[in-house]
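Heads up: the structure comes next, in structure tokens.
The values are calculated or read from the model by the stated rules, or taken from the named source; none is laboratory data. Predicted model only: the values in this text are computed from it and were never measured. Virtual Cβ from ideal backbone geometry, glycine too; neighbours counted across all protein chains shown. When the accessible area is computed, the model is the full protein with side chains, heavy atoms only, and any ligands, DNA or RNA have been set aside. Shrake-Rupley method; radii C 1.70, N 1.55, O 1.52, S 1.80 Å.
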Amino acid sequence: MKFPELDSGVDLTEVEEKCRTLWDDTKIHDYNPESKKPLFSVDTPPPYVSAAHLHAGHAMSYTQAEIIIRYKRMQGHNIFYPMGFDDNGLPTERYVEQKYKINKKKTTRSEFRALCIEETQKGAKTYEELWRSLGLSVDWDLKYSTIDDLSRHTAQKSFLDLHSKGLLYRANEPVLWDTHFETALAQADLETISRKGKMYDIRFEDSDGNPLIISTTRPELIPGCVGMFFNPSDQRYSKLEGGKAKVPLFDIEVPILTSDEVDQEFGTGLMMCCTFGDGEDVKKWKENKLETRLVISPDGKMTEAAGKYEGMQIAEARKHIVTDLQEAGFIVGEKTVEQNVSVGERSEVPVEFVMEPQWFINLLKHKDEFLKRADELEWFPAHMKVRLQHWVDGLKYDWNISRQRFYGVPFPLWYVEETGDVILADEADLPIDPIEDEPPQWAKDKYKGMTIVPETDVLETWMTSSLTPLINANWAGREGRKAGMEIYPMTLRVQAFEIIRTWLFYTMAKSHFHTGSLPWKNVMISGWGLNEQGKKISKRDLEKFTDENGYNRYDPYSLIKKYGADALRYWAANSQLGRDLRFHEKDVKDGRKVVIKLWNVARLAFMYMEDFDANTQTVPVHERPVEDQWLLNEINKLNAKMTECFEKYDYATAKESLHKFFWITYCDDYLELVKTRFWENTNWSEKDILSAKSTLYESLRLLVGLFAPFIPHVTEEIYQQAGKFGEDNVSLHVSKWPERNDFKFELAEDMQVILKTLYAVRKLRSERQIGQGARLDKLVLQVSNGGDLETTVKKLDTSLLSAARADQIDFGSANVETGIDGLAIDIVPHKDVS
RNA sequence: GGGCAAUUAGCUCAGUUGGUUAGAGCGCUACCUCGACACGGUAGAGGUCACAAGUUCGAAUCUUGUAUUGCCCACCA
């Protein structure tokens, strides 16, 4: 074919748009359920749309996975790559409330849901646009949202299935509670913060009026004290066992008991148990069947049980109680301590315990099974598995899935007020909202005349998010979905490390319960994109550094506009799997350089290939000059290495090898050597020139293929411009991953002579300040040990002249070492070039 | 307090199963506008591989300990 002349100043934006149109039109990213190709299905995080503040870190983590997906597609897999959007939960609820100034009590859930869906669709659009402009090869027909009918149906089916398997129970127990949002929380919703607190030594008394000193940071819980404990092996207090302790300020007597959990060394070795200060209190309360005297209400105020402190906020009550204790002489010591407090991850308010009837999924009984599943799963990188194991080991509570919120997936059930019976929805009716929908007919018949009330709590968001593989596989069996359970278990889960304890764990647990299998075979854990200081990129970074044109260096759109999507993608592959990546704008710029360089390589190759016809003019590899054979061999090695890396999801090492090869071996060495074959007055034969064309043609095709997963746009454009290299594909991205040519390269030593000569000449030129391109009069060679080397050097004379860009070779006296034993060189410039 | 990871050039990072003189990019110095590319090329300066001990003929690499950083976990009330 006649290769076109490529523009020297390529417009990357135009190229990217052109590619996107091609990909959309040809639907090459779509999942094909009929395909016989091996399946590669990906479970990727549904981003939280309402809290959208997109930054380079998002672009990074999604791109890292997508590079793998592009590779797998080229390896001949049938790709299932859906994108979901998470619009469930508190942030959406608050956003919609504020935006529409809604009083939730005056609206119905379905109306509110409609608004949420509307808002989140807007957010989803922003994401979709970004993902598209980044070149993510998502099948957009597979889009889902965590509040759509499919997801609600799946979540409710999950509830029914767990119920039927006896894995659910409803209990009125102390639960972790967020007093700010007034809702229950699960263990995974907690965070720990460090803060300074005061520890008070407070005097209780035994029945004889002898002091019993306990240490506490929470004196406001004293009215809720229901017992005092010491370690059974603590001799100091053994005579107290079975006695009573008098609680200061309050006219209460509580039993004195023992517990192994008490640390004798801590404080006086005595501790109070309150309903409820922490999980340990709950445990002691349960084990010893202690009284219940709740002093903190769900809204974070003191209850009636707190006597005169009733109605005060917790912190306020603490202050007052401390003052009163001091005045009455009950405080015998105090000190400032560093304390770790569990807080709700959204409210950052310390969690309390309250008693509310809640639904729980039984987790604690299944720890061993989860650990086994964690082992079965293949982790990339492997050390991330430990994080899940530790989390499972440390689980203390069953999973509370009830949330006292307005918005979310409703529980599919009603209660019978008179009997307390639970009426479950029929699966055929899902999704339902018990507030708005009628209970099943059988229930209405059975409980005729009784009061049936809906469950008003909603399922917590992870209850839905934990089902993404089953949502995607249409486990719910809804009409109109392209894919079914044939994609299950999925091949790969992609996510960041901070949600191992939530998303990963819950998804695994659910899959285990519902299907008795893992939800996916492999998991790939990404790190975070960090700012230059190594901190999380914050909303503040995005606001603070935005200039008057709306440009912000952390904003993916800004970066794409300035450097191109391929450049940003290339940057994303900089960090090793699972590692964080510090953002530096210049690194994105480096990506752009590679894109432009590759474009220019194509220009060069096109120019020299002219109207090369690969079908009729290709020279057999073994008949080509040593440089050509060497290059093809180097590409073979590179290909083998990259393929091996990709199979381990190691996009970073694959990229690095490719980068190094491209810049040094290909551009600096090979192209510089091969160029002269096309110049006038060369000693190269016509066949050698055809060899060069053959090699340029083949190597450019290979390069474009190897670069394709990283920089899909520019590679596609080159591929198309090159007439697809005569292949029958609509796109480079559905072409076959380059195959290795298994010829044997046997001229490595010859090539060393050429390369070492080239390097020596460069060094000499630099030392003598002769331009690298300037023609030389003579290349002087001195072969000191004769024999084979001399034969080799003579055989390679044309190559050596090319390497030196000299007019003639002179065998004489030279004293610049080449690094080849016995070969020294010198150069003689033309007289007019001094 | 426990765990996981990291610590290599001024900065960001590679360094494959232990094997000559530890690499790249950016930045820096000097030179080169030569027929793809100055978003380029060539040469160069710059590192006691966090520290200490050990294993070994040989350690950035393996072992142990220490320090620092990041993340995760934890009931010291």
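Structural remarks
- Amide H to amide H, with H built 1.01 Å from N, A:D777 comes under 5 Å of A:D807, A:V828, A:H830, counting only residues 5 or more places away or on other chains.
- For region A:263-356, the square roots a ≥ b ≥ c of the C-alpha gyration tensor eigenvalues yield an a/c under 1.5, which makes the shape rounded.
- Protection proxy ranking of A:588-598, A:425-435, by the mean of other Cβ atoms within 10 Å over each peptide's residues and highest first, is A:588-598, A:425-435.
- Global geometry of region A:1-68, whether rounded, prolate or oblate, following the gyration tensor of its Cα atoms and the 1.5 cut on a/c: oblate
- Sparse packing (at most 13 other Cβ atoms within 10 Å of the Cβ) combined with a DSSP loop state is found for the following trypsin sites (Lys or Arg not before Pro) in region A:148-189: A:K165.
- Total formal charge among the other residues, if their Cβ is under 12 angstrom from that of A:K794, Lys/Arg +1 and Asp/Glu -1: -3
- Radius 14 Å from Cβ of A:Q75, net charge of other residues (Lys, Arg +1; Asp, Glu -1): +4
- Accessible area in square angstrom per residue, region A:554-663, 1.4 angstrom probe: 39
- Based on Cα atoms of region A:402-470, Rg over Rh with Rh as the Kirkwood radius reads 1.01.
- Shape category assigned to region A:475-618 from the gyration tensor of Cα positions, a/c cut at 1.5: oblate
- The residues of region A:404-548 expose, per residue, 40 Å² of accessible area to a 1.4 Å probe.
- Amide H contacts of A:E205 (H built 1.01 Å from N, under 5 Å, at least 5 apart or other chain): A:L212, A:K246
- Taking only protein heavy atoms and a 1.4 Å probe, the accessible area of chain A is 47% carbon and sulfur.
- C-alpha center-to-center spacing [region A:448-476, region A:570-624] in angstrom: 50
- Against the compact-protein benchmark of 2.2 N^0.38 Å, the Cα-based radius of gyration of region A:90-215 scales to 1.73.
- Kirkwood hydrodynamic radius of region A:517-566, Cα pairs, Å: 13.3
- Listed residues A:Q156, A:P174, A:A186: farthest to the positive end of the dipole of region A:144-191 (Cβ charges): A:Q156
- Dividing the helix sum by the residues of chain A, where each DSSP H run of 4 or more adds -39500 (n - 2.57), gives a mean residue ellipticity at 222 nm of -11500 deg cm²/dmol.
- Tail fraction, Cα-Cα pairs, region A:468-510, threshold 14 Å, whole percent: 52
- For region A:362-482, average projected area of the Cα convex hull in nm²: 10.7
- Computed lengthening from A:R236 to A:K535, 0.36 nm per intervening residue step minus Cα-Cα distance: 102.6 nm
- Computed over the alpha-carbon pairs of region A:20-123, the distance histogram in 10 Å steps reads 13, 32, 26, 20, 9, 1 percent, short to long.
- When the convex hull of its Cα atoms is projected in every direction, mean area for region A:540-666 (nm²): 10.8
- Applying a DSSP loop filter and a limit of 12 other Cβ atoms within 10 Å to the chymotrypsin sites (Phe, Trp or Tyr not before Pro) in region A:572-620 leaves nothing.
- Cα convex hull, region A:251-409: 204 Å³ per residue, rounded to a whole number.
- Rg followed by Dmax, in Å, when region A:178-280 is reduced to its Cα trace: 15.1, 45
- Protection proxy ranking, peptides A:716-723, A:361-368, A:412-419, average beta carbon neighbours within 10 Å, highest first: A:716-723, A:412-419, A:361-368
- For A:Y144, the amide hydrogen comes within under 5 Å of the amide hydrogens of A:M83, A:G84, A:F85, counting only partners 5 or more places away or on other chains and with H modelled in the peptide plane.
- Each other residue within a Cβ distance under 11 Å of A:P232 adds +1 if Lys or Arg and -1 if Asp or Glu, for a net charge of -4.
- Per residue, the convex hull spanned by the Cα atoms of region A:379-428 measures out at 184 cubic angstrom.
- Size of region A:451-545 as Cα extents on the principal axes (Å, biggest first): 54, 43, 27
- Test item: Cα-centred dipole of chain A, Lys/Arg +1 and Asp/Glu -1 on Cβ, debye: 780
- Rounded to the nearest Hz, the phi-derived 3J(HN,Hα) couplings of region A:808-818 under the Karplus curve 6.51 cos²θ - 1.76 cosθ + 1.60 (θ = phi - 60°) are 8, 9, 10, 8, x, 9, 9, 10, 9, 5, 9, where x marks glycine and proline.
- Convex hull volume of the Cα atoms of chain A, normalised per residue: 232 Å³.
- In the full protein context, region A:72-180 carries 38 Å² of accessible surface per residue, based on a 1.4 Å probe and ignoring ligands, DNA and RNA.
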